[in-house]
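Asks: Supplied in structure tokens, the structure appears directly below.
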Amino acid sequence: MKLLVHACCAWCLGKALPGLAKEGVGAGEATVFWYNPNIHPLIEYRRRLKALKMLCERARLPLETEDEYGLVEFCRAIHGRETVPGRCGICYAMRMRRAACTAKEGGYDAFTTTLLTSLQQHHELLRAAGEAAAEEFGVAFLYRDWRGETADPALLKWLYKQSYCGCVFSEYDRYRATTTHLWPPSGRARPAD
Ligand code: SF4
């Protein structure tokens, strides 16, 4: 099966690899696809893409990228629905539609996403977005519940693991209650003017 694997990050691709192996997707059949306009800010976006490139090299998987930093596109798309899960449904639809379109144009048999490995995502919303995109573009969506998969322990030692989902709103949700990321750190005197 010629499969396009949308990847949200290296961490989730690491977990998806055993799932793909169980599907019998062999070498030369899977291509990893990067399109994630939801990841902000820019340095974090670049960090996650670099980590994905490193994993694909190591796993000998071809990688196709739509390397557009999509802050404006993403914020326009979710405008008026900035809370969870509304923004997430739009976010999934953006990514699944682009994956489905790319799969169709590239002559793939199906597409899937590493987001299906995540315990943090709205799994049923994600599944619905994948299936809707499949119907719209006329290409199959490989749905699997990969939330129980674990990455090879050898990978876990060096795979980059992010601390928030991706968008600026999720970064805010993650850190709004903490003071530990402020500067100067508590207990340290402010430098003299
Ligand atoms: S929290 Fe995650 S899934 Fe939801 S909109 Fe933000 S980046 Fe997308």
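Values quoted throughout were computed directly from the atomic coordinates according to the rules given, and no laboratory measurement underlies them. Everything quoted here is computed from the prediction, not taken from an experiment. A quick note on method: Cβ atoms are made from the backbone with ideal geometry, for glycine too, and the neighbour counts reach across all protein chains shown.
Asks: Taking just the alpha-carbon atoms of segment 37-193, what radius of gyration and Dmax come out, in angstrom?
Replies: 18.1, 64
Asks: Still on this structure: Does anyone have the angle between helix 42-59 and the longest principal axis of the chain? Alpha-carbon axes, 0 to 90°, nearest 10?
Replies: Rounded to the nearest ten degrees, it is 40.
Asks: Each residue of segment 64-76 in order: what ³J(HN,Hα) in whole Hz does its phi give by Karplus 6.51 cos²θ - 1.76 cosθ + 1.60, θ = phi - 60°, with x for Gly and Pro?
Replies: 10, 10, 10, 8, 10, 6, x, 4, 5, 4, 5, 5, 5
Asks: Here is a follow-up. Compute the helix-to-body angle for 10-23: its Cα long axis versus the longest principal axis of the chain, expressed 0 to 90° and rounded to tens.
Replies: Orientation of helix 10-23: about 20 degrees from the principal axis.
Asks: Looking at segment 33-127, which trypsin sites (Lys or Arg not before Pro) are in a loop (DSSP not H, G, I, E or B) and have at most 14 other Cβ atoms within 10 Å?
Replies: The qualifying sites are 60, 81.
Asks: Under a 5 Å amide H to amide H cut-off, with H placed in plane at 1.01 Å, what residues pair with residue 6 once short-range neighbours are removed?
Replies: 33, 112, 113, 114
Asks: Further question: Through the Karplus equation 6.51 cos²θ - 1.76 cosθ + 1.60, θ set to phi - 60°, convert the phi angles of segment 161-174 into ³J(HN,Hα) values in whole Hz; use x for Gly and Pro.
Replies: Values, residue by residue: 10, 6, 9, 8, 4, x, 7, 4, 5, 6, 5, 5, 4, 5 Hz.
Asks: Straight-line reach from residue 22: which lysines have Cα under 25 Å away, leaving out those fewer than 8 places along the same chain?
Replies: Reachable lysines: 2, 53, 104, 157, 161.
Asks: Can you pull the one-decimal nm distance between simple spin-label points at residue 77 and residue 175, each 7 Å off the Cα toward Cβ?
Replies: 2.3
Asks: Let me ask something additional. By how many nm would the segment from residue 123 to residue 101 lengthen if fully extended, with 0.36 nm per residue of separation less the alpha-carbon distance?
Replies: Stretched fully, the residue 123-residue 101 segment lengthens by 5.8 nm.
Asks: For the chain, what relative contact order do you get, as a whole percent, if you take Cα pairs closer than 8 Å and at least 6 residues apart?
Replies: Here the relative contact order equals 29 percent.
Asks: Taking only Cα atoms, what is the 0 to 90° angle, nearest 10, from helix 123-137's long axis to the longest principal axis of the chain?
Replies: 50
Asks: Could you pull out every residue, at least 5 positions away or on a different chain, whose amide H is within less than 5 Å of the one on residue 65? Hs are placed 1.01 Å off N in the peptide plane, and Pro or chain starts have none.
Replies: For residue 65, the qualifying residues are 34.
Asks: What are the residues whose amide H is under 5 Å from the amide H of residue 30, where those residues sit 5 or more places off or on another chain and H is modelled from the backbone?
Replies: Hits under the 5 Å cutoff: 3.
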